[in-house]
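The values are calculated or read from the model by the stated rules, or taken from the named source; none is laboratory data. It should be emphasised that the depicted structure is a prediction, and the values quoted were computed from it without experimental measurement. Positions of Cβ are backbone-derived with ideal geometry, glycine not excepted, and every protein chain shown enters the neighbour counts. Ligands, DNA and RNA are excluded from the accessible area calculation, which covers all protein heavy atoms including side chains. Shrake-Rupley method; radii C 1.70, N 1.55, O 1.52, S 1.80 Å.
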Amino acid sequence: MKKHCVELHQTGQFSRFFLDYIEGKKELEPFYSHAPKLESFKNAIEQKTFSAEHRKGLVDALHSQYANQEVSYAVSSNIEALASERTFTVTTGHQLNLFTGPLYFIYKIVSTINLAKKLAKTYPDYKFVPVYWMATEDHDFDEINYFKLDGKKYQWNSEQTGAVGDFELDKTFKEFLKSVSFAPEVFLDAYASSKTLSEAARKYVNSLFGEEGLLVVDGDDAKLKREFTEVILSDLFEHKPFEKATEATDALEELGYSSQIFPREVNFFYLDKGVRERIEKMESGFGVVNTELRFTEQEMKALIEKHPERFSPNVVLRPLYQEVILPNLAYLGGPAEVVYWLQLKGVFDHFEVPFPVLLPRNFALILNEKVQRKMEQLNWSFEDLFVDLEHWKKTFVKAEASMDIELKKQKEVISALFDTKGKEAAHLEKTLENAFEAGKVRSLKIIDQMATKLRKAEERRLNTQIERACCIQELVKPGGSPQERVVNMMQFYLSNPELISELLDCFDPLDFRMMVLSDESR
């Protein structure tokens, strides 16, 4: 693939909040610990403390999680390496979208793998392990139960409830699987040989990235949750995370930035088979929303001690949980993720957990041969791919029109005529000036109507070029959203099994620009 980079602000796809962060706006410095730069990792390494006991617990948990799966030497050696105080992780996370969901799922992981490689070259005295954090505890099934390919939506409908990682691949899923028989074996084998959604996701992610040493971590683990009991107690009984996150949220809003997440007094869900519902503080004790479950304060403390795995952190505390159980140096996320982490630094500081280097994942747009050909026909640059289509169409039609479609001169002549004659007529009768003014307005409206007809006629004459632009736009922004947020990887992987290898060659996790990837042969 050939790579051409476009500055993010030129794409029109990113918030000012996100751009201010990666551009290093001074006002945002209190909300993070390390600038998103390679040099920041020296301090991050020095500040990260992770005991031998915690390392042993993590290694044991990963052995259990991978127990029924064959793994590559790279994965096996990376698990063992985590026992060493000189080994650190760099992490990304995402929901368990079917068949990986949108392209940026792959982009997140590729960016993380390449960051580990870059760090290994820069800091050779340490080892860096890439991690994919599976959001197995998420319960928003409607957000993950489909993928889009060639403009078609493939969806699995299920009546199951609770954490999606526990969803069983039952008869309804097997029926759904028949509709996607075209999918690569790496996916079909993973789903066919698995009992749950999380098991299948681990398998296909491992098949796609295992040779790169990527570790798949499931936070829904009793051993790992036990290390988080201090935070669970503080959140439920003291509401410290709510207090600290609210302070940061208010400070950011004073700077003009909109909140991405909204902290609650209690930031945990109750998690059990078929159930993931919010815990709420009540007048006496606690209750679980949409259930009959009620606990006194003493019962809740006993439950935390005995079954910490039943407490699932929400978006406010999931980042902290990740950093508590991993020797992690960096988190790579999408634009919305990056900015919501900035609301959480006070929470990290309160629990004395080092805040990681916060990096955006790589952003990319893949062009096919058909679109590249149409770009050549229109003489479009890579930057032109991100223009507003309606704005481009108006500008293009005006520039290519065979005559003045705005009738600008004619409007000026008619306007001057009515103004002059209106003033002359006012000497005869004062009300005539208003009559001429009203006549001018009517006449200019007629001219505008004629101009619209001329513009539409020119659009019909230039229809071939406009259709080419629409075709390009549909690949760049299918349905109005950026390609990477809509299209599944199979759109390109089915015709190019080397897609992931080529992305690994192209992506630079510290180059914060949009990569436009095109066919190398053109």
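Things worth noting here:
- Dipole of the chain, positive direction: furthest Cα of S258, F14, L62, with charges on the beta-carbon: F14
- Qualifying trypsin sites (Lys or Arg not before Pro) in the range 215-305, DSSP loop, other Cβ atoms within 10 Å at most 15: K273
- Relative contact order of the range 404-519, pairs being alpha-carbon contacts under 8 Å that are 6 or more residues apart, as %: 19 percent
- Accessible-area order (highest first, 1.4 angstrom probe) of the listed residues H391, H4, H94, H427: H427, H391, H4, H94
- Loop sites in the range 6-90: GluC sites (Glu not before Pro), DSSP, at most 10 other Cβ within 10 Å: E39
- The phi-based Karplus calculation (6.51 cos²θ - 1.76 cosθ + 1.60; θ = phi - 60°) puts the 3J(HN,Hα) values of the range 238-254 at 10, 6, 5, x, 4, 4, 5, 5, 5, 4, 5, 4, 4, 5, 5, 5, 5 Hz, whole numbers, x for Gly and Pro.
- Relative to the Cα centre, the charge distribution of the chain, modelled as +1 at Lys and Arg Cβ and -1 at Asp and Glu Cβ, gives a dipole magnitude of about 1860 debye.
- Derived value for the range 128-267: Kirkwood hydrodynamic radius 18.2 Å. Basis is the mean of 1/r over every pair of different alpha-carbon atoms.
- Using the Cα coordinates of the chain, the gyration tensor eigenvalues translate into equivalent-ellipsoid semi-axes of 52, 30, 24 Å, sorted from longest to shortest.
- Within the range 425-513, the trypsin sites (Lys or Arg not before Pro) that combine a DSSP coil assignment with at most 16 other C-beta atoms in a 10 angstrom radius are K430.
- A 1.4 Å probe run over the protein chains yields, for the chain, 47 Å² of accessible area per residue, whole-number rounding.
- One quarter of the surface of the convex hull around the alpha-carbon atoms of the range 218-270 equals 4.5 nm², the direction-averaged projected area.
- Cα-based Rg of the range 197-287 normalised by 2.2 N^0.38 Å, two decimals: 1.47
- Column: log10 I(q)/I(0), Debye, Cα scatterers of the range 1-95, q = 0.16, 0.21 Å⁻¹: -0.94, -1.09
- Amide hydrogen neighbours beyond the local backbone of G162, cut-off 5 Å, H modeled: R276
- The distance linking the range 138-210 with the range 16-83 is 28 Å (Cα centroid to Cα centroid, whole angstrom).
- Overall Cα dimensions of the range 399-522 - principal axes, largest extent first, Å: 84, 34, 22
- Rg of the Cα atoms in the range 453-518, relative to 2.2 N^0.38 Å, amounts to 1.56.
- Segments 168-175, 133-140, 353-360 sorted - mean Cβ within 10 Å per residue, highest first: 353-360, 133-140, 168-175
- Directionally averaged projected area (convex hull, Cα atoms, the range 217-343), nm²: 8.8 nm²
- A simple packing score, the average count of other Cβ atoms within 10 Å per residue, orders the peptides 158-164, 316-322 as 316-322, 158-164, with the highest score first.
- Compactness of the range 114-160 - radius of gyration and Dmax, Cα, Å: 18.4, 51
- Relative contact order (percent, whole number), the chain, Cα cutoff 8 Å, 6+ residue spacing: 24 percent
- Fraction of accessible area attributable to carbon and sulfur, the chain (%, probe 1.4 Å): 48 percent
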